[in-house]
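The values are calculated or read from the model by the stated rules, or taken from the named source; none is laboratory data. Just so we're clear, the structure is a prediction, and the values are computed from it rather than from any experiment. Here the Cβ positions follow ideal geometry from the backbone for every residue, glycine too, while neighbour counts run over all protein chains shown.
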Amino acid sequence: MLSGIFPGIGQLYNRQPVKGAIGLALGVALTWAAARAAPADPLALGQPGADVLVPLLALLAVWAWSLIDAWRVAGR
């Protein structure tokens, strides 16, 4: 459940500090990149460009990996 809050937190809880630090760093960097690329006009968010979608899709991939990895390790 912790990885559902933010990538890497579940790995840190499962005592995997390297995986947790990588997941956390990627999550922070991709969140920053998506927020920086997002337009200031809320109406423009209806048609996002590639500069917004690429970091968001990468963040989704990191988040999904983090969830699945933390779940598998916790189940051992």
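Overview of results
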read-out: Residue among Val62, Val28 that alone is closer than 15 Å to Pro7 by Cα, assigned to a helix (DSSP H, G or I) and touching a Pro at 6+ places or on another chain (Cβ under 8 Å); value: Val62
read-out: Residues that are closer than 12 Å to Gly10 by Cβ and basic (Lys, Arg), drawn from the stretch 40-76; value: Arg72
read-out: Any hit, the stretch 10-31, residues being polar (S, T, N, Q) and free of Cβ contacts under 8 Å to residues at least 12 places away in the same chain; value: no
read-out: Residue check for Ala38: buried (at least 16 other Cβ atoms within 10 Å of the Cβ), within 18 Å of the chain's Cα centre (by Cα), more than 19 Å from Pro7 (Cα to Cα) and modelled with pLDDT of 80 or more; value: yes
